Amino acid sequence: QAGLQCGDVHGHHPAMNTPDVSSVSSPLPDLPALRIALVGAGRVARALVLALDRAGLPVVAVGSRQPERLSPASYPQPCTPQQAVDQADLVLLTVADDAIAPVAAALRWRAGQAVVHCSGATEVAALAPAAQAGAHTGGFHPLQIFSDPEQAAHRLAGSTAAIEAGPALMPTLHALAAALGMPATVLPPGMRVRYHVAAGYAASFLLPVLQEAVALWASFGVDEADALRALLPLSRGTLEAAGARGLAGAVSGPIARGDLGVVQRHLDALEALGPQRAAFYRFLAGPQPALARQAGRLDEDLCRRLDFLLRDADC
């Protein structure tokens, strides 16, 4: 099983080196004086336009390949990507990941300009053409979901901004995050994919767990809407507990209590529905004894007995 083992009562976090922002040279103008433009007109762009405007940092232009299709009420000063770039001191690229490098290569940049993509998974090196033209380059990823841009604009405050840049641009990105009410975390170069996988685990990867829970309720006649209405308060309570007490402090249920009999009945019931259901349970349950041990809920012997019970016989 991946994750903590029973003997590990403390998690291990590898040291991360962050850029030194104390030796900043040739800083950009202060944030309020910067002309900010966006290139890309999707949901992330719409949310940022709203959030920046509320922060007193109105966007001067939004560049799109088809600016005539953009409503000026939603996207201020719609224009071509190059026109947006030409007007801006700070350009936020809000295009799809696969488009970042081609867009960076297709546009004309100028020395001293700041060019920042808003992707979590793409390395800043994709902006090399802008850097070669003398622009400052970086990454600014709002750690939030954007399925509804208006709601996302409100949720940005309190959400984390993952930033990456050289010393000249780093203070500007910190200031941008602060203006939006976002705590900033600095990503070391080369860590964006790992960071983005973790973000996925905390977001859409929660859905297959809920899907399995809903499917089990469906097996005794409860529809999805009613199941979610019942189960989501449990999910929210767990997340709130994790925020207040940490992961180990939030663990609950029969595994945290060391209730071997209940865990065995869970496994028996799931095996009767199909081996894949029991395997899914074992995979998700595997790290929980160590978390309960870390929280002081289980002694080492009971933790190891749970580990043995949860071990997949096929492993």
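Within the group L52, L92, which residue is at pLDDT 95 or above, open to solvent by less than 30 Å² (accessible area, probe 1.4 Å) and not in a helix (DSSP H, G or I)?
Exactly one residue qualifies, and that residue is L92.
Would you confirm, using the coordinates I've provided, whether P102 is over 27 Å from the mean Cα position of the chain (by Cα) and either open to solvent by 30 Å² or more (accessible area, probe 1.4 Å) or of a type in the set (D, E) (or both)?
It is false that P102 is over 27 Å from the mean Cα position of the chain (by Cα) and either open to solvent by 30 Å² or more (accessible area, probe 1.4 Å) or of a type in the set (D, E) (or both).
Output the residues belonging to region 95-105 that are part of a loop (DSSP other than H, G, I, E, B) and under 17 Å from I36 (Cα atoms).
Once the filter is applied, which keeps residues that are part of a loop (DSSP other than H, G, I, E, B) and under 17 Å from I36 (Cα atoms), region 95-105 yields only V95.
Would you confirm whether or not region 153-170 contains a residue that is without any contact (Cβ under 8 Å) to a residue 12 or more places away in the chain and within 12 Å of the chain's Cα centre (by Cα)?
Within region 153-170, not a single residue is without any contact (Cβ under 8 Å) to a residue 12 or more places away in the chain and within 12 Å of the chain's Cα centre (by Cα).
Per-residue answers, yes or no, for (1) under 25 Å from I145 (Cβ atoms); (2) in contact with a Leu (Cβ under 7 Å, 6 or more places away or on another chain); (3) surrounded by 15 or more Cβ atoms within 10 Å (Cβ to Cβ):
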{"site": "F220", "(1), (2), (3)": "no, no, no"}
{"site": "A272", "(1), (2), (3)": "no, no, no"}
{"site": "A279", "(1), (2), (3)": "no, no, yes"}
{"site": "F283", "(1), (2), (3)": "yes, no, no"}
{"site": "E300", "(1), (2), (3)": "no, no, no"}
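Could you list all residues from region 106-127 that are under 20 Å from I36 (Cα atoms) and assigned to a helix (DSSP H, G or I)?
Within region 106-127, A106, V124, L127 meet the criteria.
If I filter region 105-119 down to residues being surrounded by fewer than 16 Cβ atoms within 10 Å (Cβ to Cβ) and not charged (D, E, K, R), which single residue comes out as nearest to the chain's Cα centre (by Cα)?
For region 105-119, the residue satisfying everything is A105.
Name the pairs whose Cβ atoms lie under 6 Å apart, with the first residue in region 84-96 and among the hydroxyl-bearing types (S, T, Y), the second not in a loop (DSSP other than H, G, I, E, B), and 6 or more positions between them or separate chains?
Here the result reads T94/L38; T94/V44; T94/A45, each pair linking region 84-96 to a residue that is not in a loop (DSSP other than H, G, I, E, B).
Which ones in region 55-74 are of a type in the set (G, A, S) and open to solvent by less than 50 Å² (accessible area, probe 1.4 Å)?
A55, A61, G63, S64, S74
Looking at region 53-73, can you tell me whether even one residue there is within 23 Å of G166 (Cα to Cα), of a type outside the set (S, T, N, Q) and touching a Leu at 6+ places or on another chain (Cβ under 8 Å)?
The answer is yes; a qualifying residue exists.
Tell me yes or no: at least one residue of region 245-255 is in a helix (DSSP H, G or I), farther than 27 Å from S159 by Cβ and among the hydrophobic types (A, V, I, L, M, F, W, C).
Checking region 245-255: at least one residue is in a helix (DSSP H, G or I), farther than 27 Å from S159 by Cβ and among the hydrophobic types (A, V, I, L, M, F, W, C).
If you go through region 32-49 one residue at a time, how many are part of a helix (DSSP H, G or I), buried (at least 20 other Cβ atoms within 10 Å of the Cβ) and hydrophobic (A, V, I, L, M, F, W, C)?
Going through region 32-49 one residue at a time, the tally reaches 5.
To keep it simple, each residue is scored yes or no on (1) part of a helix (DSSP H, G or I); (2) touching a strand residue (DSSP E or B) at 6+ places or on another chain (Cβ under 8 Å); (3) at pLDDT 95 or above; (4) under 17 Å from A250 (Cβ atoms).
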| position | (1), (2), (3), (4) |
| --- | --- |
| V262 | yes, no, yes, no |
| R293 | yes, no, no, yes |
| R297 | no, no, no, yes |
| L302 | yes, no, no, no |
| C315 | no, no, no, no |
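Do you know which of the residues in region 188-218 that are under 24 Å from L231 (Cα atoms) and among the β-branched types (V, I, T) is nearest to the chain's Cα centre (by Cα)?
V209
The values are calculated or read from the model by the stated rules, or taken from the named source; none is laboratory data. This one's a predicted model, so the numbers in the text were calculated from it and none came from an experiment. Don't worry about glycine lacking a Cβ; one is built from the backbone with ideal geometry, like all the others, and counts go over all protein chains shown. The accessibility values were calculated without ligands, DNA or RNA, using every heavy atom of the protein model including side chains. Shrake-Rupley method; radii C 1.70, N 1.55, O 1.52, S 1.80 Å.
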